[in-house]
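I have placed the structure first, in the form of structure tokens, so that the comments after it can refer back to it.
The values are calculated or read from the model by the stated rules, or taken from the named source; none is laboratory data. Remember, it's a predicted structure, so these values are computed and weren't measured experimentally. Cβ placement follows ideal geometry from the backbone for every residue including glycine, while neighbour counts extend to all protein chains displayed. Remember, those area values only see protein heavy atoms, side chains included, never the ligands or the DNA or RNA. Shrake-Rupley method; radii C 1.70, N 1.55, O 1.52, S 1.80 Å.
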Amino acid sequence: MPTYDELKIGDKASFSKTISESDIYQFAGITGDFNPLHIDAEYAKKTMFKERIAHGILTAGFISSVLAMKLPGPDTIYLSQNLLFKAPVKIGDTVNAEVEVLEKKDSKKIIRLRTLVKNQHGEIVIDGEAVVMK
């Protein structure tokens with residue numbers, strides 16, 4: 001894993017995962033978010049999505065995985081994250097969370113990163129920006 005000094009503007013890393021029904025049920029159980037849009041197929045058929053979708057925050061969690069495990073890596077401290085949910089993630093979709101170093105503030109070892117999550121079609125499902133300390 002790179003040290004703060006080794007990080008460069010433009011450095012990128014990513015993490016991919018295929019969303020399963022089990023992922024959605026486990027996330028609902030852990031968080032207590034049992035919105036029927038996520039767990040009730042009959043209810044979801046009547047919504048604008050026509051089927052169950054993953055929790056937005058479940059999908060956003062993959063950004064945290066990249067930040068903590070790849071770039072900047074272990075010892076990263078999350079300071080902030082903004083998210084724009086642009087498209088639904090459905091069971092069976094493969095999402096790819098990507099981060100890119102945009103700025104470094106050397107005085108406090110703070111890093112600003114672009115955060116994106118795309119589906120298997122390359123469509124952006126989450127757009128955002130994170131600020132972390134390394």
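Worth a mention:
- Helices (runs of 4 or more DSSP H) enclosed by the range 6-75 - at least 2 residues per element that are more than 24 Å from Val131 (Cβ to Cβ) and within 18 Å of the chain's Cα centre (by Cα): 21-31
- Condition met for Val125 (touching a Ser or Thr at 6+ places or on another chain (Cβ under 6 Å), assigned to a strand (DSSP E or B) and modelled with pLDDT of 95 or more): no
- Selection from the range 59-88 of residues that are open to solvent by less than 40 Å² (accessible area, probe 1.4 Å) and within 19 Å of Ser20 (Cα to Cα): Thr59, Ala60, Gly61, Phe62, Ile63, Ser65, Ala87
- Selection within the range 89-118 - buried (at least 19 other Cβ atoms within 10 Å of the Cβ) and outside any strand (DSSP E or B): Val89, Asp93
- Some residue of the range 21-29 being out of contact with any helix residue (DSSP H, G or I) (no Cβ under 6 Å at 6 or more places or on another chain), in contact (Cβ under 8 Å) with a residue 40 or more places away in the chain and surrounded by 13 or more Cβ atoms within 10 Å (Cβ to Cβ): yes
- For the range 30-58, taking the residues that are of a type in the set (Gly, Ala, Ser) and loosely packed, with under 15 Cβ neighbours inside 10 Å, the one that is farthest from Lys8 (Cα to Cα) is identified as Ala41.
- Whenever a residue of the range 36-55 is farther than 16 Å from Asp93 by Cβ and at pLDDT below 95, it has no partner that is open to solvent by 30 Å² or more (accessible area, probe 1.4 Å) and acidic (Asp, Glu) lying with C-beta atoms less than 7 angstrom away and at least six residues away or across chains.
- Here Val125 passes the criteria (1) buried (at least 20 other Cβ atoms within 10 Å of the Cβ); (2) out of contact with any helix residue (DSSP H, G or I) (no Cβ under 8 Å at 6 or more places or on another chain); (3) of a type in the set (A, V, I, L, M, F, W, C) except the one numbered (2).
- Residue check for Asp75: modelled with pLDDT under 95 and either within 19 Å of Ala13 (Cα to Cα) or touching a strand residue (DSSP E or B) at 6+ places or on another chain (Cβ under 7 Å) (or both): yes
- So Thr3, is it of a type in the set (Val, Ile, Thr) and surrounded by fewer than 16 Cβ atoms within 10 Å (Cβ to Cβ): yes
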